[in-house]
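Below is one structure, written out as structure tokens; comments come after it.
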Amino acid sequence: MLWITLTAVYVISFILIYNFIKRQNRYEPYYERMNPLMIVVVAALLALPILVVVVAVLFAIIGSVSLVDMVFSYNLSTNQLVVLGVTFIIYLYTLDSVFELILKLFVRQVLLYTLLIFLVRVGAFYIIGSIAGLPKQTGLAIAIGVSATVLLIEILFKLREKTDEKQCADKV
């Protein structure tokens, strides 16, 4: 299951990058155009960083699900872990963005916004776990654990951005 997902991500990235390079290559003067083999090689190499980022996020999510599984001894199969991880990532990159935008429009306080987005994620992950066939207690524990992990990662990124901005301001 995991290899199928990663292969699909790589193939989709490769096709999109290949089409982009091929389209842009038409606008180049004839003597500067890349040959078809060079376009394939460049597209294959540029698709790799995209795959690496997706793999890193996927392993972070699967790792947090696995951690909750180990801590509470739920004994989930590897296939269930992968299905949950992939589904959680699909949610995080699709519907979660919509919920974030809606909450940003209505909630101005950062702490309340963070709490609400955490609760929305817990609810969404719980529903995903229920659809995947997890028992209620297992689904709730995994939903809370994964939501807390995602929240922690987001907070760390925001703190890093603030630190970088402060260092840039100090240099000027």
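Tabulated data for the structure shown
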| quantity | calculated |
| --- | --- |
| Loop sites in the stretch 58-164: trypsin sites (Lys or Arg not before Pro), DSSP, at most 13 other Cβ within 10 Å | ARG108 |
| Diffusion constant of the stretch 2-171 at 10 °C, which comes from Stokes-Einstein with the Kirkwood Cα-pair radius and 1.306 mPa s, µm²/s | 85 |
| Extension gain (nm, one decimal) between LEU159 and LYS171, 0.36 nm per residue minus Cα-Cα | 2.5 nm |
| Given charges at beta-carbon only (K, R positive; D, E negative), |dipole| of the chain in Debye | 240 |
| Dipole of the stretch 1-116 [Lys/Arg +1, Asp/Glu -1 at C-beta], most positive-end residue of ILE89, GLN24, LEU45 | GLN24 |
| Eligible lysines near LYS158 by straight Cα distance, threshold 25 Å, same-chain separation 8 or greater | LYS104, LYS166, LYS171 |
| Residue (of ILE127, ILE117, SER64) at the positive-pole extreme of the chain, dipole from beta-carbon charges | ILE117 |
| Taking LEU45, LEU67, LEU134, LEU111 and counting other C-beta atoms within 10 Å, the order from fewest to most | LEU111, LEU45, LEU67, LEU134 |
| Environment charge of SER64, counting only residues whose C-beta is closer than 14 Å and scoring Lys/Arg +1, Asp/Glu -1 | -1 |
| Trypsin sites (Lys or Arg not before Pro) lying in DSSP loop within the stretch 1-98, provided at most 15 other Cβ fall within 10 Å | ARG26, ARG33 |
| Mean separation of Cα contacts under 8 Å, 6 or more apart, over the residue count of the chain: relative contact order % | 20 |
| Axial C-alpha extent at least 18 Å, average Kyte-Doolittle at least 1.6 - helices from the chain (DSSP) | 36-72, 110-131 |
| Label-point separation, LEU105 to LYS136 (7 Å along Cα→Cβ), nm | 3.4 |
| Nitroxide proxy distance, nm - points 7 Å out along Cα→Cβ at ILE12 and VAL52 | 2.1 |
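A short reminder: the numbers here are calculations on the coordinates, not readings from a lab. Bear in mind the structure is a predicted one, so any value in this text is a computation, not a measurement. Don't worry about glycine lacking a Cβ; one is built from the backbone with ideal geometry, like all the others, and counts go over all protein chains shown.
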